[in-house]
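S.K.: Structure in structure tokens, see below.
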Amino acid sequence: MKYWNVIINSAWIAATAAIVLTGLGMIFMPELRQYHQNNKTIATLASDINQENKTYHEYKKKQERFRTEPEYVEQIAHEQGLVYPHEKIFNYEGDKNQTTIKDRIN
């Protein structure tokens, strides 16, 4: 009988521990899921911030070029269709890319 009492007491302790651990797991599982979701959100936002920083630095480079390189400003203006008064634009239809040829007249 002594062995059966040890086995029954051990079974009760094991069952109680299992129930307590299951209860704790059920209590903390939503917080654990939220924690993992928050980590994913943080990683996504960090990636977005890095991309925005890259874009920002590209714009800063272009802005600096506008300040320091008159040729760059002229190139961008021509790409937008702007010309000097002494220039003419010749558009040739039929090309797939619709290329524009600019001819400077002095």
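The values are calculated or read from the model by the stated rules, or taken from the named source; none is laboratory data. Everything quoted here is computed from the prediction, not taken from an experiment. Here the Cβ is made from the backbone with ideal geometry for all residues, glycine too, and neighbour counts use every protein chain on show.
S.K.: Could you list all residues from the range 1-39 that are surrounded by 10 or more Cβ atoms within 10 Å (Cβ to Cβ) and among the basic types (Lys, Arg)?
M.R.: Residue satisfying the conditions is Arg33 alone.
S.K.: Taking the range 62-79 as the region of interest, how many residues are of a type in the set (Ser, Thr, Tyr) and surrounded by 13 or more Cβ atoms within 10 Å (Cβ to Cβ)?
M.R.: Residues that pass the stated criteria total 1.
S.K.: Check off (1) assigned to a helix (DSSP H, G or I); (2) surrounded by 10 or more Cβ atoms within 10 Å (Cβ to Cβ) for Ile89 and give me the number that stays unchecked.
M.R.: (1)
Let's see how each residue does on (1) more than 30 Å from Tyr84 (Cβ to Cβ); (2) of a type in the set (Val, Ile, Thr):
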residue	(1), (2)
Trp12	yes, no
Thr44	yes, yes
Thr55	yes, yes
Lys60	no, no
Pro70	no, no
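S.K.: Is there a residue being modelled with pLDDT of 95 or more and of a type in the set (Phe, Trp, Tyr) anywhere in the range 35-56?
M.R.: Looking through the range 35-56, at least one residue is modelled with pLDDT of 95 or more and of a type in the set (Phe, Trp, Tyr).
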